[in-house]
Each structure stands twice: as structure tokens, then as C-alpha cells.
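Down below is the structure, laid out as C-alpha cells.
The values are calculated or read from the model by the stated rules, or taken from the named source; none is laboratory data. Just so it is clear, the structure is predicted and the values come from calculations on it, not from any experiment. Reconstructed Cβ throughout: ideal geometry from the backbone, glycine too, with neighbour counts over all protein chains shown. SASA here: full protein model, heavy atoms, side chains in, ligands and nucleic acids out. Shrake-Rupley method; radii C 1.70, N 1.55, O 1.52, S 1.80 Å.
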Amino acid sequence: MMSSTTIVNIMNDMNTKNIAVVALSASAFVLIPVLSSYASRRDPIKGDRGGKQESCDVHGYLKENEPPCLQSSSVENIKIITSNRFPSAMLEWSREYGDIFQLQLPIMTQPRFIITGNVDLCRQVLNDKTSVKTDLYNVYKLVHDGGDDILTSENAFWKHSRKGIAPAFSSNHIKRMNEVIDRKIDDFTMKLETFAENEESFDVGVEMIHLTLSIICDSAFQYSMTLEERNMFLTELEIVLREVELGWIPYRWTFGLFIPAVRRARKAGRILLAFSMKILESYRQLESPVKGTVVDLIANNKGYKNDKERASDILMLLVGGHDSTAFTLAWTLMELAKNKEEQNKLQKELNSIDVDKRRSSVGLNCVIKEAMRLRTVAPLGSPREVARDILFNTEERNGLKREIFIPKGSLVLCSQILLNRNPKYHEDPDIFKPSRWVEPSEHALASFMPFSLGRRNCVGQSLAKAELVNVLSRLCAKYTFSIEDEGGVDLVLTHQPVGARLSVSKAV
């Protein structure tokens, strides 16, 4: 039997790309009996699509009407899930197996791991008040060094947190936030003027991250982050999130005390928590704080046991409130830069209407929706543990109806990228075509859920929408953008452009 010291030595030597394989090998003395028990119960079944499909029989379930199962091992699946290939892999799987399928993972406590891009099933699961966020969300507690928070917790803690901050995103507060957004855009346009005059390109992902981080800090937390603080925050957050991505790997955190990368991520979580505490204390030192803001409601919410819980919620809202909006802005500008006809059309429309009406521009809203659909920043979507058995009728590719059985306790991943690229709902799903939103089909509208659905939808979506329309209406009316370098794509909590550079000129 392999000793724990040997396991730790192996895990310390591994590099990120083969981390899953090494971790599973090192833990073989525990995993082999588990995986062997899976293998002994698995049985191939005939699927409607022809050929053999494997049954993911776990915990005694074996149903002919279960979703088709990927014919890949748990080890192979873990390698993909912990890499930035996961979103593209899901698309490939859906084209082979349909928009409801399952895959195996080692030591799954749930009866099934279902991935779906079926709009009716997603809406049913997300709107079901008995469905809960799974324990898989606990990996995000690393961001604030453990404990409860508004993202990962359920029941009483989540209820008092959500109810406590919801008023901060009312229409009255969004008006105040719009003023902050306008000031921040003024600052950013001064940078764009310099870029244009000097004919310099800029990293669109980096610039949008700094813009949205500055906006949410000022508008929601009454705190002005310095450039040094923003750089520190982004650096430490990436360290944590890189480790969070590896949370699927068995026993990695069990032996985390002996793994340098895990120790460094935990240190980063403590640094981020300390910064969040600084924001809370800064608010308390204000002579005339604005009442009803997010930080005001958190600071005065007596439902929290201590300031650690308050700071954890501030941090999770800061994390969730800046990058998804930033990269939506970045992807939108990149798509417009690549599609000059669409950019010119939008620019012409914006400049033909009064400035105060630009936020309601039909063309602008179509462009934003299409960028959010095609360039989904949260491609993995929302995982839920279902609290009851589900019998779901679905239509196969051959037009026949089929009843799908999903047992109680299963983990269902409602994938945004599968919904947004599903050819059943969107014609030419891989093409940037804003006009599809002028008269969209019912299925297209129903499948578009960038802020999720149900009781756990995005609490700050009104601020995100305000940022998108304000920033893009001003930038796209005044400037023309061109691609200098498309860069690459990475997945660190969100789908983000890496090294993508745009050049800018004043609109003619």
C-alpha cells in the first residue's frame, strides 16, 4: 500500500497539466476498490441513436430510460473537467449524445452527474424551490478562508444574506450607481483618447477588468481601490481560483498542508479576506456614508454572527460582480471589432438618437444579447442537486419522444454554453448575428438565462445590465475598434480573453 508520504511527494512534483492523472494514481489504494465496484455494475445498453451506450449505474440504479452516458473513464473526465477544455468538450459531447447526458466521476456521492442544455429541463430544475446548490460549491469557500457566504451557503444564512442586500439593487440605487458608472467611463475615455492619439493598442480584457472592479467598489462598497490594490486583488484571486478549479481531484485538499500550491492558495484567501475587512472598516470610518448601499446593508445586518461573515459576503459579491461583466464587455467589443458591418450599424443607430435614449437602443440591446449568447462568460452554468425524482419527456433527434429518468439527489449541471449554442433554439449558433434578437423565437428567449433563474438567480443583475448598456452605448457611439491580436481563451471561473488587443480610433 502506498504511504501518505509517497502520495504527498508525488502530488508536489506534478505539473498542472497532468495533475488529475497523478493525483488519481497517488490515491489508487483508495480509488481502485471504488472504481472497480463501478465497473462491476456497469452494463452497456442500447440507445435510440444506435450502437452501445454505457450505463452509469451508481448506487443501484439501472434504468433503460436514463440519459446516455459518455463512454470515457472517470480519470479522463476529471482531466477534462479540471482544464479549460471543459466548455468546448461539453459542446462536442452534446453533438454526439444530445442535450441531456451524463458522465462518471470518481467517488461521486450523487446517484448521477447530468449535464444538460435542454431549456425545459433547465428551467424545471432551476425554478424548483427544492433544488439546492451542491456541496461542490464549497470549493469556493477557499476564496475567503472558509465559512459561510452568500454564494455557497443554503438555508438560513443564504436567506438572511440575500434578503439583506436585495434592496441595494433597487431602481433608486441603480440611478445613483449610473452616476458612478458615468464618472468611471469618463476616466476610461481619457485613456482611449491617448491610445487613439498614439496609435497604441490595448488589452481589452485587462482594461475592462480594471473598469468594472473600480465601478463595483465605488458604487456598492463606497471604497475607491487604488491601482496597487486592484493588481493585488486580481493576482491573489487568480491564485485561489486556479486551485478551486482542481477541487474535483480526489484527496488533493486532504493532503493540502503538504502541497505548496494549496498552501499558497489558502494564503491568498486570507489576503483577500483581509482586504475585504479593510473595505468594511473603511465604510465604518466614513463621516457621511450613503445609506442603503450593499456595504451599508451588510455592515448593519444583525443576522451575521461576526465581521468575518460580513467580510466573506463582501468578498464574494466583489468577486462575482466584476469579472463576468468585464469579460462580457470585452467579448462584445471584440465581436464588434471582428464584424465591422455590425459595428458600423450600431454606431450609426446610436448617433442618430438622443444621448439620454441610447441606453434603450434596440440595436445595442440586440448586440449585448448576442455577445452574451455567443461568448458565454459562465459556460458551465448552474449546478443543482435535485431533491426529488424527475421524469422528463424529451424529443430525440429522430423526432421520437423519450422519457428521461433523473433520480433524487442527482447533480444536474444546467450549462449556459449548451443552451446558448443549441441549434434547436438558435439557427447558426456559432455565428455572431445580433439581428436574431429582433424577433426571437419563444425557445430562444426561454433558453437565454445569463443571470440564471429561480431563487438563486444573480442578485446584482440590475447593476450588471446598467454597466453593459452605459459603457457600450458611450464607447460604441464615439469610437471604432479594430482587432490587432485575437489572443487566446482561458477559463478561470469565467471564460475570458487572454492577450486580446484592440486598436481604437475616433468615429468619423
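Before moving on, here are some points about what is shown:
- Pairs linking a residue in segment 336-353 that is without any contact (Cβ under 8 Å) to a residue 12 or more places away in the chain and charged (D, E, K, R) to a residue that is part of a helix (DSSP H, G or I) and buried (at least 18 other Cβ atoms within 10 Å of the Cβ), with Cβ atoms under 7 Å and 6 or more positions apart or on different chains, do not occur.
- Within segment 391-445, the residues that satisfy the criterion of being of a type in the set (S, T, N, Q) and open to solvent by 30 Å² or more (accessible area, probe 1.4 Å) are Asn393, Asn398, Ser435, Ser441.
- The set of residues from segment 98-124 being buried (at least 19 other Cβ atoms within 10 Å of the Cβ) and either among the basic types (Lys, Arg) or free of Cβ contacts under 8 Å to residues at least 40 places away in the same chain (or both) comprises Phe101, Arg112.
- Tabulated pairs, segment 238-253, first within 12 Å of Val139 (Cβ to Cβ) and at pLDDT 85 or above, second of a type in the set (Gly, Ala, Ser) and open to solvent by less than 30 Å² (accessible area, probe 1.4 Å), C-beta under 7 angstrom, 6+ apart or interchain: Val240/Ala265; Val240/Ala268; Val240/Gly269; Glu243/Ala265
- Residue within segment 189-206 that is in contact with a helix residue (DSSP H, G or I) (Cβ under 6 Å, 6 or more places away or on another chain), under 23 Å from Leu333 (Cα atoms), of a type in the set (A, V, I, L, M, F, W, C) and open to solvent by less than 10 Å² (accessible area, probe 1.4 Å) present: yes
- Of all residues in segment 125-167, those satisfying the criterion of being in a helix (DSSP H, G or I), open to solvent by 60 Å² or more (accessible area, probe 1.4 Å) and of a type in the set (S, T, N, Q) are Asn127, Asn138, Asn155.
- Candidate set: segment 325-363, residues that are small (Gly, Ala, Ser) and crowded, with 24+ Cβ neighbours inside 10 Å; chosen: the one nearest to the chain's Cα centre (by Cα): Ala326
- Residue that is least open to solvent (accessible area, probe 1.4 Å), among those in segment 300-324 that are of a type in the set (S, T, N, Q) and touching a Gly at 6+ places or on another chain (Cβ under 8 Å): Ser312
- Looking at Gly399, Gly409, just one residue is modelled with pLDDT under 95 and either in contact with a strand residue (DSSP E or B) (Cβ under 8 Å, 6 or more places away or on another chain) or charged (D, E, K, R) (or both), and that residue is Gly409.
- Those residues of segment 446-494 which are assigned to a helix (DSSP H, G or I), open to solvent by 10 Å² or more (accessible area, probe 1.4 Å) and of a type in the set (Val, Ile, Thr), in sequence order: Val469
- Contacts under 9 angstrom Cβ, first residue in segment 436-454 being touching a residue at least 60 places away in the same chain (Cβ under 8 Å), partner aromatic (Phe, Trp, Tyr) and not in a helix (DSSP H, G or I), 6 or more apart: Trp437/Phe448; His443/Tyr425; Ala446/Tyr425; Ser447/Tyr425; Phe448/Tyr425
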